[in-house]
Amino acid sequence: MKNTTILHITDLHYNEPYGSPQIVGKDKNVTNGLINKISSNDCRESFISFARYYNSSRKIDLVAFTGDLGWAADPESVERGADFLAKLAKDLSVSSRCVVVAPGNHDLNRDERDGKELECFCRACEKRHFRYAHGEEPFILDINNFKVVALNSCLGGTERAIKGVPDDYWKIIQKTLSVQKKKLYDSGTLSRMDSDLRFQLEAMDIPAIGIKQLEQCNEVISRSSADFFVLLMHHNLIPATNIEIRAYASSVDAGRTLSRLLNYERYIMVLHGHSHTNIGLRLQRLKDDKPGYVACIGNRGLSPRPDSEASIIEIMTTDDGNFVRAETYNITRNGTEYESSFNYMLSARPDQTLNPTWSFCTLPKGVPMSFAELAKKLNVPKTDKLAKELIQLDAVLVNVTNKQRSPKYWQITRKI
């Protein structure tokens, strides 16, 4: 069995103009001055201290960043965000080659063209030797016999960066909107429209993953013998809880992407940002005999806002890269410090009745035993299959301690 710990960070938003309506919300009694005062205390150094403390007992193997280093592609803000990731990785003794980055909409410079929209972002990542997705090229990392795939979900940035959406589809969008925009201009409606929605109509500021990246995902997943994959992208594939009638909301090809991922019948974890919500949703086809699902997991982001957070995902796989289970933890800001709390657990075969190859009733109740002792008692070999069944029964029929270590260190106790 192998254990892998991923630190998931998103939406750093360095140089964000605080006091915006997005932060103030509907509370008219909260002034911009108060928001500025709260937000001026950047607690991300405290986050690094917490991460160091966590790392001292459970080694972090990978830092996964899912977009928005800075604000509005401002070069200084992008550099500051990259500096933070580099300092965090150094303090955790994580190689820069194990910092994997997917770009966000604030990393995209809409004033550039001809493929240069992410030039500043790419330069910042290359300077610090991060692994990153760009253009239509995902980045693929092998870790503990499963694959982490970073995707660029910003392909639909503007009309000049729409590569990845099929030409025929894009022409239909352009034609339809040109007719609608003319009507809106002629009637004077456009001038009265909400500024964010007007921008979305005028700039066609929509995100997309694109067919080419999906085809490369297909090649990676279909050729792998493992059944577990982690995908990193900025935009949420499932609509978030907040209403998104604004520029650069959800991915235009999210439905197609999810359909493709579900067809693989593998366990695919999608880590994302963008929506600034703590969200965890699992999708699977309604076929009891088919394994696999897609789990979409996002957090609020590690900006200086009072509700900022990150996530830790502790993953257990077999030696050949097949999924056993994953536990997710929130790291949430509390004043000027950060604290962790258990969020939820994912496991293989979550909705199927377990049929172990052995009878747990033969085990004595309340008596802890090692993995080797249990295998001998049950007269079964000490294999990954036995370990996987024990993990799936953990907290239901048995208690397994020391799960973060290899099975030879486990203590197993029958509960009922």
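Ala372 to Glu215: FRET efficiency via 1/(1 + (r/R0)^6), r the Cβ-Cβ distance, R0 41 Å, to the nearest 0.05?
0.35
Exposure proxy check: Ser340, Ser77, Ser251 ranked by fewest other beta carbons within 10 Å?
Ser340, Ser77, Ser251
With the contact rule set at Cα under 8 Å and sequence spacing of 6 or more, what percent relative contact order holds for region 360-414?
Once divided by the residue count of region 360-414, the mean separation gives 48 percent.
If I model a spin label as a point 7 Å beyond the Cα along the Cα-Cβ vector, how far apart are those points for Ser49 and Ser93 in nm?
Roughly 2.2 nm, to one decimal.
Mind running the shape call on region 85-143? Use the C-alpha gyration tensor, a ≥ b ≥ c as the square roots of the eigenvalues: rounded below 1.5 for a/c, prolate if a/b tops b/c, oblate otherwise.
Since a/c reaches 1.5 and a/b is larger than b/c, the shape of region 85-143 is classed as prolate.
Using the count of nearby Cβ atoms within 10 Å as a rough guide to exposure, how do Met316, Met369, Met345 rank from fewest to most?
Lowest count first: Met345, Met369, Met316.
Using the structure shown, list the pairs from Lys147/Lys415; Lys147/Lys365; Lys59/Lys408; Lys290/Lys365 with a Cα-Cα distance above 29 Å, or answer none.
Table pairs above 29 Å Cα-Cα are Lys147/Lys415; Lys147/Lys365; Lys290/Lys365.
Going by average Cβ density within 10 Å per residue, which order do the peptides 296-302, 11-17 take, highest to lowest?
In descending order of packing, they fall as 296-302, 11-17.
Using the count of nearby Cβ atoms within 10 Å as a rough guide to exposure, how do Tyr409, Tyr338, Tyr264 rank from fewest to most?
Ranking Tyr409, Tyr338, Tyr264 by Cβ neighbours within 10 Å, fewest first, gives Tyr409, Tyr264, Tyr338.
Want the number for Gln411 to Ser259: 0.36 nm per residue separation, take away the alpha-carbon distance, what's left?
Here the segment from Gln411 to Ser259 would lengthen by 50.7 nm.
For labels at Ser347 and Asp111 in the simple 7 Å Cα→Cβ model, what's the distance in nm?
5.4
Per residue of region 332-337, in order, report the coupling 6.51 cos²θ - 1.76 cosθ + 1.60 (Karplus, θ = phi - 60°) as ³J(HN,Hα) in whole Hz, putting x for Gly and Pro.
Rounded to whole hertz, the list is 10, 6, 10, x, 9, 10.
Every read-out reported here was derived from the displayed coordinates using simple, explicitly stated rules and does not represent laboratory data. Not measured: the values here are computed from a predicted model. All Cβ positions, glycine included, derive from the backbone under ideal geometry; neighbour counts span all protein chains shown.
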